[in-house]
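Values in this text are rule-based calculations from the coordinates and carry no lab data. Predicted model only: the values in this text are computed from it and were never measured. In this analysis, Cβ positions are derived from the backbone assuming ideal geometry, glycine residues included, and neighbour counts consider all displayed protein chains.
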Amino acid sequence: MATLVYADESGRIRDHPTLEMGGASGTTWVRVSEEELIPLPDGARLFTMPGAHPVGWNDALGDFEAVKEVGRRQAVAVAAFLPPGYMRTHLPAAFHPDPAAASYLPLWAYTAVGWRDGQFVTAGVRVDLMDHQEPWRYDDRTLLPLITRRLAEQPENRVWRQLSRCATEYHCLCAKNGFYRRWEAPLPVAFTCNADCVGCISLQPDGLVPASHDRVTFAPTVEELCAVALPHLAEAEEAIVSFGQGCEGEPLLYAPVIEATIRRLRAETDRGTIHLNTNGSLPQAVERLCRAGLDGIRISLNTAHADAYAAYYRPKRYAFADVVETIRTAKGLGCFTAINLLVFPGVSDREEEVEGLLSLIAETGLDLIQMKNLNIDPRRYLETLPPPRGGAIGMREILRTIRRETPGVDIGYFNRAKEHFGRSFSRTLIF
């Protein structure tokens with residue numbers, strides 16, 4: 001049995017002497033089966049959930065129990081945040097004594113966590129074996145001299161200055177790769193957006209939660225972008241340069257700059273992968289970028305249903321139908337096409353959601369589904385969405401269903417270099 005963990009007032013994490021850890025699927029508290037638990041992976045973090053008490057299973061009572069105090073110490077709920085490559089299967093089971101007074105939590109993907117056999121365990125599953133973002137590959141002692149060198153080489157280049165901030169303040173691994181000149185390097189380009197996502201990590205104008213970081217404040221020139229991208233494409237192992245990062249808005253609003261950059265890069269080299277992360281709102285712009293030489297695209301969405309999409313993304317002057325058309329257009333023009341599916345236990349695994357996802361795959365012929373944990377306070381997301389329809393089948397069952405019903409579609413987490421288009425990094429994983 002994995003036991004409940006909680007934090008005291010000082011933030012020290014303890015395990016409960018008798019209660020089994022609890023999990024949640026949407027608003028429903030559930031017991032977490034043994035197959036759902038894995039040792040807490042390297043790179044994971046633990047968070048407290050202020051304003052919430054932990055909930056565990058009391059086997060003697062045959063029911064869940066909210067723990068407000070342990071030995072006169074206040075008990076605060078604890079959650080795990082999983083590293084890249086892992087999908088959570090359960091939310092933390094938490095009780096809010098005064099939901100109206102409790103502030104929303106910061107933008108992290110809160111995951112159920114417990115204690116078993118002398119170690120932390122968590123409710124998750126690995127969905128991608130690519131190891132480019134493993135913690136052991138990053139050492140800031142070797143990174144900082146590279147940042148100094150790049151900034152000295154191009155002191156006026158605003159893209160390099162932004163990436164230095166992303167690498168050192170936000171610890172963006174792709175930004176770090178840009179300085180290491182390996183794998184995927186970002187090309188932030190957009191400081192405005194045509195969506196107002198509830199969980200936007202770069203802009204939270206209503207102030208209900210802090211943004212995870214600041215959004216870029218400039219639109220770079222083609223020359224600045226090429227000065228960063230061209231050496232990376234020419235020299236990096238499995239090189240990817242990607243427009244559309246967490247520190248920016250929607251890159252399709254800057255499609256003319258991106259198109260000109262792609263054409264200039266491809267006039268210089270055919271090496272490496274040019275990639276775009278986008279909300280997919282402007283299919284005509286995507287068509288131009290594909291014809292210019294875009295190799296891969298990843299379109300973000302939280303659902304295959306228009307009402308739930310609109311509730312979370314709050315799109316401006318575009319609709320979910322445009323997103324579907326973008327997927328279809330990119331795939332039809334030979335671009336390696338992925339969706340960035342923002343998954344959430346108790347929502348993404350509902351029967352109607354899975355059916356909608358399978359229909360989207362069949363309609364568009366997309367190549368890859370990236371299973372990304374949605375960073376948001378569970379309460380806020382559940383309050384945002386329309387009332388649920390259908391029962392939850394379980395997060396691992398989504399993976400099994402995709403593998404069974406659409407074997408030609410890969411499941412993963414990371415963007416792919418063109419050397420790996422068609423290769424699966426999850427085929428050998430047991431879901």
Toy charge model, Lys and Arg Cβ at +1, Asp and Glu Cβ at -1: the chain dipole around Cα centroid in debye, rounded to 20, equals 740 debye
Which residue, chosen from Gly62, Met49, Ala94, occupies the Cα position most advanced towards the positive end of the dipole of the range 32-96, where the dipole is computed from +1 (Lys, Arg) and -1 (Asp, Glu) charges on Cβ about the Cα centre? Met49
For a quick check: with amide H placed at 1.01 Å from N, whose amide H comes under 5 Å from Thr111's, ignoring anything fewer than 5 positions away on the same chain? Ala80
Kirkwood hydrodynamic radius over Cα pairs of the range 3-126, then Stokes diffusion coefficient at 10 °C and 1.306 mPa s, in µm²/s: 111 µm²/s
Considering only DSSP beta bridges whose two residues both sit in the chain, what percent are antiparallel, to the nearest 5? 60 percent
Mean Cβ neighbour count within 10 Å, used as a protection proxy, ranking 289-301, 197-209 highest first: 289-301, 197-209
Count charges around Ala310 for me, please; just the other residues with Cβ under 13 Å from its Cβ, Lys/Arg as +1, Asp/Glu as -1. 0
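Run lengths n ≥ 4 of DSSP H only: what is the helix-derived mean residue ellipticity at 222 nm for the chain, with -39500 (n - 2.57) per run over all residues, to the nearest 500?
-9000 deg cm²/dmol
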Check the straight Cα-Cα distances from Lys176 and name the lysines below 24 Å, setting aside those fewer than 8 residues away within the same chain. Lys372, Lys418
Can you give me the C-alpha center-to-center distance between the range 321-338 and the range 249-273, rounded to a whole angstrom? 17 Å
Relative contact order (percent) for the chain, with alpha-carbon contacts under 8 angstrom and 6 or more residues of separation? 15 percent
Candidates (i) 23.5, 73; (ii) 21.8, 71; (iii) 25.3, 84; which is the computed Rg and Dmax of the Cα atoms in Å? (ii)
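With a/c under 1.5 counting as rounded, go ahead and sort the range 174-333 into rounded, prolate or oblate using the C-alpha gyration tensor (a ≥ b ≥ c being the square roots of the eigenvalues; past the cut-off, prolate if a/b is larger than b/c, else oblate).
Details: a/c = 2.04, a/b = 1.37, b/c = 1.49.
Judged from the Cα gyration tensor, the range 174-333 comes out oblate (a/c at least 1.5, b/c at or above a/b).
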Under a 10 Å cutoff between Cα atoms, tell me which one of Pro50, Pro186, Pro17 has the largest fluctuation in the Gaussian network model of the chain. Pro17
When the Karplus curve 6.51 cos²θ - 1.76 cosθ + 1.60 is applied with θ = phi - 60°, which whole-Hz ³J(HN,Hα) does each residue of the range 115-132 get, with x for Gly and Pro? 10, 8, 6, x, 8, 6, 10, 9, 8, x, 8, 6, 10, 7, 8, 4, 10, 5
